[in-house]
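Asker: Just passing along the structure, written as structure tokens.
The values are calculated or read from the model by the stated rules, or taken from the named source; none is laboratory data. Please read these numbers as outputs of a predicted model, since none were measured by experiment. As a convention, Cβ positions derive from the backbone with ideal geometry for all residues, glycine included, and neighbour counts pool all protein chains shown. For the accessible areas, the whole protein counts, side chains as well, though only heavy atoms, and no ligand, DNA or RNA atoms are used. Shrake-Rupley method; radii C 1.70, N 1.55, O 1.52, S 1.80 Å.
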Amino acid sequence: EDQVTQSPEALRLQEGESSSLNCSYTVSGLRGLFWYRQDPGKGPEFLFTLYSAGEEKEKERLKATLTKKESFLHITAPKPEDSATYLCAVQALGGGSQGNLIFGKGTKLSVKP
Amino acid sequence: GAVVSQHPSRVICKSGTSVKIECRSLDFQATTMFWYRQFPKQSLMLMATSNEGSKATYEQGVEKDKFLINHASLTLSTLTVTSAHPEDSSFYICSASRAHGNTIYFGEGSWLTVV
């Protein structure tokens with residue numbers, strides 16, 4: 001069964017304190033792994049798509065990496081505005097129409113000034 | 001800016017009535033759109049896959065007669081919650097991807113409260 005597990009469930013950081021969020025996945029064949037940011041009461045905002053082990057992508061203070069079993073979202077010198085829930089999702093090969101994502105439960109990040 | 005738009009963002013309806021939520025892709029054609037619901041502090045759960053010009057595909061446990069999906073054009077899918085009950089109160093979110101791309105965009109979500 002395809003599965004996505006994110007850890008930790010919640011993470012509190014001081015402004016400037018770098019850290020990483022983990023997304024472990026089990027999927028029959030990976031088409032893509034997605035990271036989204038979700039603010040309270042809003043839809044997910046797309047951050048990154050990773051397709052193969054070893055791939056890395058960066059955007060401002062965020063960097064996503066991928067291995068065959070997990071992905072990390074590294075946050076460097078976070079600011080309070082980075083506070084949000086970060087969602088990881090995988091898309092399986094051949095498992096239905098394009099866009100069928102399997103989501104983890106998310107990591108709620110709080111960054112204190 | 002947003003590439004997938006939902007309307008309304010918030011709706012309150014009386015128990016037993018029906019409510020329609022729209023999902024539009026703003027600058028691209030989406031042959032497939034997806035509908036999710038999200039309960040507080042929970043992750044997104046796929047309800048159904050909306051296919052333009054054909055019947056929607058529903059996930060196990062989702063009642064197709066209760067959650068009517070119509071994908072009448074390449075830029076619009078609608079979700080109608082029929083005979084709504086308080087337990088249908090939730091955050092409903094749609095997503096879509098471009099025909100030749102793999103980035104999946106989400107709408108802003110629609111809060112439904114059934115009273």
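Asker: Keeping to region A:39-67, report how many residues are modelled with pLDDT under 95, of a type in the set (S, T, N, Q) and surrounded by 14 or more Cβ atoms within 10 Å (Cβ to Cβ).
Answerer: 1
Asker: Do you know which residues across region A:3-38 are open to solvent by 50 Å² or more (accessible area, probe 1.4 Å), within 22 Å of B:Tyr36 (Cβ to Cβ) and not in a strand (DSSP E or B)?
Answerer: A:Glu9, A:Ser28
Asker: Given the criterion among the hydrophobic types (A, V, I, L, M, F, W, C), in contact with a helix residue (DSSP H, G or I) (Cβ under 9 Å, 6 or more places away or on another chain) and in contact (Cβ under 8 Å) with a residue 24 or more places away in the chain, identify the matching residue among A:Ile75, A:Ile102.
Answerer: Matching residue, one of A:Ile75, A:Ile102: A:Ile75.
Asker: Follow-up question, since we're still on this one. Could you check, for region B:105-113, whether at least one of its residues is of a type in the set (S, T, N, Q), part of a loop (DSSP other than H, G, I, E, B) and open to solvent by 20 Å² or more (accessible area, probe 1.4 Å)?
Answerer: There is no residue in region B:105-113 that is of a type in the set (S, T, N, Q), part of a loop (DSSP other than H, G, I, E, B) and open to solvent by 20 Å² or more (accessible area, probe 1.4 Å).
Asker: Considering only residues that are in a strand (DSSP E or B) and among the acidic types (Asp, Glu), which ones fall in region B:1-53? Break it down into steps so the answer makes sense when it comes.
Answerer: We begin by selecting, within region B:1-53, every residue in a strand (DSSP E or B); these are B:4-7, B:10-13, B:19-25, B:32-38, B:45-51.
B:Glu22 - this is the single residue of region B:1-53 that is in a strand (DSSP E or B) and among the acidic types (Asp, Glu).
Asker: Let me ask another. Regarding B:Gln6, is this residue within 11 Å of chain A (Cβ to nearest Cβ), of a type outside the set (Asp, Glu) and under 12 Å from the mean Cα position of the chain (by Cα)?
Answerer: Numbers: within 11 Å of chain A (Cβ to nearest Cβ): yes; of a type outside the set (Asp, Glu): yes; under 12 Å from the mean Cα position of the chain (by Cα): yes.
Here the answer is yes, as B:Gln6 does meet what is asked.
Each row is one residue, and each column tells you yes or no for (1) in contact with an Asp or Glu (Cβ under 7 Å, 6 or more places away or on another chain); (2) touching a residue at least 12 places away in the same chain (Cβ under 8 Å); (3) within 13 Å of chain A (Cβ to nearest Cβ); (4) closer than 30 Å to A:Ser7 by Cβ.
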position	(1), (2), (3), (4)
B:Gly16	no, yes, no, no
B:Ser25	no, yes, yes, no
B:Glu52	no, yes, yes, no
B:Gly61	no, no, no, yes
B:Gly109	no, yes, yes, yes
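Asker: Of the residues that make up region B:60-73, is at least one assigned to a strand (DSSP E or B), open to solvent by less than 30 Å² (accessible area, probe 1.4 Å), more than 15 Å from B:Ile104 (Cα to Cα) and at pLDDT below 95?
Answerer: yes
Asker: For the subset of region A:43-79 comprising residues that are touching a strand residue (DSSP E or B) at 6+ places or on another chain (Cβ under 9 Å) and among the small types (Gly, Ala, Ser), which member is farthest from B:Ser97 (Cα to Cα)?
Answerer: A:Gly54
Asker: Next question, about the same structure. Given B:Ser15, B:Ser89, B:Ser25, which one is in contact with a helix residue (DSSP H, G or I) (Cβ under 7 Å, 6 or more places away or on another chain), small (Gly, Ala, Ser) and closer than 28 Å to A:Pro40 by Cβ?
Answerer: B:Ser15
Asker: Only residues that are assigned to a loop (DSSP other than H, G, I, E, B), modelled with pLDDT under 95 and surrounded by 19 or more Cβ atoms within 10 Å (Cβ to Cβ): list them for region B:77-104, please.
Answerer: None - no residue of region B:77-104 is assigned to a loop (DSSP other than H, G, I, E, B), modelled with pLDDT under 95 and surrounded by 19 or more Cβ atoms within 10 Å (Cβ to Cβ), so the list stays empty.
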